[in-house]
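Trainee: Before I ask anything, here is the structure I am working with.
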Amino acid sequence: MPIELGIWKLGNKLEKVSFSAIESEQKLEDTLVQDISILSTGLMLIGRQIPTAQGKFIDLLAIDIEGNLSVIELKKDRTPREAVAQLLDYASWVHTLSYEDIINIYSDKNGGDEFEKGFANTFDGNPPDEINKELKLILVAAELDSSSERIINYLSDNFGVPINAMFFRYFKQGDSEYLTRTWLIDPQEVESNISKSTAKKGRELWSGQDFYVAYGVSENRSWEDAIKYGYISAGGGRWYTRTLESLTQGKRIFVCVPGTGYVGVGVVKETVMPASEFKVDVDGVLIPILKAPIHANYHSEYVDDLENSEYFVSVDWVKTVPIEQAFWEKGMYANQNTVTKLRNKFTLERLIQFFKLED
């Protein structure tokens, strides 16, 4: 069951802000079209009211930086189990869409705009060569009946179906309106369930815990600094920094200097923040990273530009080595993205042995 959310207005007298039903699914849809990140960061809207080959309409269709599609169905009131079947029906059609199909849908729903330009504007990079390899299903509702909840949990837990439900609460007080959200299943748990299922089909299992981090060393970034102050970072545009958002507290990272090899393993301590907010401990005093004794500039010229600023993730290091002792073997995993899931068994086995980890 999702956690029930309540809001109270503070003042001389505590006043609860009452929940009410949103006027229409249209208003909810308009809100999500305005900012799809309400559902999840790292999504780009392809379009709304997408007609399927069966003559039905998908409320919202979105894509992430890895080219994976999300099918989103909206219900403003309690959701009957038929909505889950409807979502699965949509998925059976969406998974057949080709690159060209998605380009055409995007153009049709965005006034003739080009998909590649929209992707580049959102993610600061080109779309991957292959898209729609994985699919996510999101049911958005005010409430979920017990039957639907059982079905969604059953499909996710036992078959790794990439399905989840997001509950929203609509609050209105005077002229102010508020929208809150709660997930039925922790999105990281859904990812883990998907990984277990795809492993049975021949794809390597993801632990739900381990991530690969590409740490580019240059005049903009120093590995010596990262070891000393406990962090990893990226900058120079949202293409490089957006994936840092997947590093939540407690996740394990394996850091690789591109073209050199793996240099460290650690556990995420705090989630991502821009250079203007990130502080490090210098002789027992927390000071801004750009004012600390450092060996690189960390895109300091963009410190007030959130698009191009350096972003930092605080890390508790488990083991690190200097760059000249970096570990690499032919066949190990590497990726151009700053952060990706590390599921390659060969690489993990070698890293666990090299860093002398217990698991």
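The values are calculated or read from the model by the stated rules, or taken from the named source; none is laboratory data. What you see is a predicted model, and the numbers here were worked out from it, not measured in a lab. Here Cβ is always computed from backbone atoms with ideal geometry, including for glycine, and neighbour counts include all displayed protein chains.
Trainee: Checking ASN308 against (1) touching a His at 6+ places or on another chain (Cβ under 8 Å); (2) part of a helix (DSSP H, G or I), which test does it fail?
Mentor: In the conditions (1) touching a His at 6+ places or on another chain (Cβ under 8 Å); (2) part of a helix (DSSP H, G or I), ASN308 misses (2) alone.
Quick grid of which residues meet (1) hydrophobic (A, V, I, L, M, F, W, C); (2) closer than 22 Å to VAL217 by Cβ; (3) not assigned by TED's automatic domain parsing to the domain that holds ALA234:
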site: GLN249; (1), (2), (3): no, no, no
site: GLY266; (1), (2), (3): no, yes, no
site: ALA296; (1), (2), (3): yes, yes, no
site: GLU324; (1), (2), (3): no, yes, no
site: GLU329; (1), (2), (3): no, yes, no
site: GLN336; (1), (2), (3): no, yes, no
site: THR340; (1), (2), (3): no, yes, no
site: LEU348; (1), (2), (3): yes, no, no
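Trainee: Looking only at segment 330-359, count how many residues are part of a loop (DSSP other than H, G, I, E, B) and surrounded by 12 or more Cβ atoms within 10 Å (Cβ to Cβ).
Mentor: Count: 11.
Trainee: Looking only at segment 181-220, filter to residues that are assigned to a strand (DSSP E or B) and modelled with pLDDT of 80 or more; which one of those is surrounded by the most Cβ atoms within 10 Å (Cβ to Cβ)? Write out each step before concluding.
Mentor: Restricting attention to segment 181-220, the residues satisfying the condition of being assigned to a strand (DSSP E or B) are 181-183, 210-214, 218.
From what's left, modelled with pLDDT of 80 or more: 182-183, 210-214, 218.
On the way: THR182: 13, TRP183: 17, ASP210: 19, PHE211: 22, TYR212: 24, VAL213: 28, ALA214: 19, SER218: 9.
Only one residue fits best here, namely VAL213.
Trainee: If you check every pair at least six apart or on different chains, which have Cβ atoms under 7 Å apart with a residue in segment 318-337 that is of a type in the set (Phe, Trp, Tyr) first and a residue that is outside any loop (DSSP other than H, G, I, E, B) second?
Mentor: Between residues of segment 318-337 that are of a type in the set (Phe, Trp, Tyr) and residues that are outside any loop (DSSP other than H, G, I, E, B), the close pairs are PHE327/GLY261; PHE327/TYR262; PHE327/PHE354; TRP328/GLY261; TRP328/TYR262; TYR333/TYR212; TYR333/THR347.
Trainee: With respect to the numbered conditions (1) in a loop (DSSP other than H, G, I, E, B); (2) touching a residue at least 40 places away in the same chain (Cβ under 8 Å), which one is the sole condition not fulfilled by ALA165?
Mentor: (1)
Trainee: Output the residues belonging to segment 46-105 that are among the basic types (Lys, Arg) and farther than 24 Å from ASP35 by Cβ. So that I can check it myself, show each step before the final result.
Mentor: First, pick out the residues of segment 46-105 that are among the basic types (Lys, Arg): 48, 56, 75-76, 78, 81.
Correct list: LYS56, ARG78, ARG81.
Trainee: Hey, another quick one. Any residue in segment 244-262 that is in a strand (DSSP E or B), of a type in the set (Gly, Ala, Ser) and within 18 Å of PHE211 (Cβ to Cβ)?
Mentor: Going residue by residue through segment 244-262, those that are in a strand (DSSP E or B) are 252-257, 261-262.
Narrowing further to those that are of a type in the set (Gly, Ala, Ser): 261.
After this cut, where a residue has to be within 18 Å of PHE211 (Cβ to Cβ) as well, the list is 261.
Checked against the condition, which is being in a strand (DSSP E or B), of a type in the set (Gly, Ala, Ser) and within 18 Å of PHE211 (Cβ to Cβ), segment 244-262 yields at least one hit.
Trainee: Could you please find all residues in segment 306-328 being surrounded by fewer than 18 Cβ atoms within 10 Å (Cβ to Cβ) and under 22 Å from the mean Cα position of the chain (by Cα)?
Mentor: LEU306, GLU307, ASN308, ASP316
Trainee: May I ask you to list pairs of residues, at least six apart or on different chains, whose Cβ atoms are under 7 Å apart, with the first in segment 88-107 being assigned to a helix (DSSP H, G or I) and the second being exposed (fewer than 15 other Cβ atoms within 10 Å of the Cβ) and among the hydroxyl-bearing types (Ser, Thr, Tyr)?
Mentor: From residues that are assigned to a helix (DSSP H, G or I), the pairs are TYR90/THR52; TRP93/THR52.
Trainee: Of (1) in contact (Cβ under 8 Å) with a residue 40 or more places away in the chain; (2) among the acidic types (Asp, Glu); (3) outside any loop (DSSP other than H, G, I, E, B); (4) touching a helix residue (DSSP H, G or I) at 6+ places or on another chain (Cβ under 8 Å), GLU130 satisfies all except one. Which?
Mentor: (3)
Trainee: Continuing with this model, one more query. Considering only segment 26-57, state which residues are β-branched (Val, Ile, Thr) and either touching a Leu at 6+ places or on another chain (Cβ under 9 Å) or at pLDDT below 90 (or both).
Mentor: THR31, VAL33, ILE36, ILE38, THR41, ILE46, ILE50
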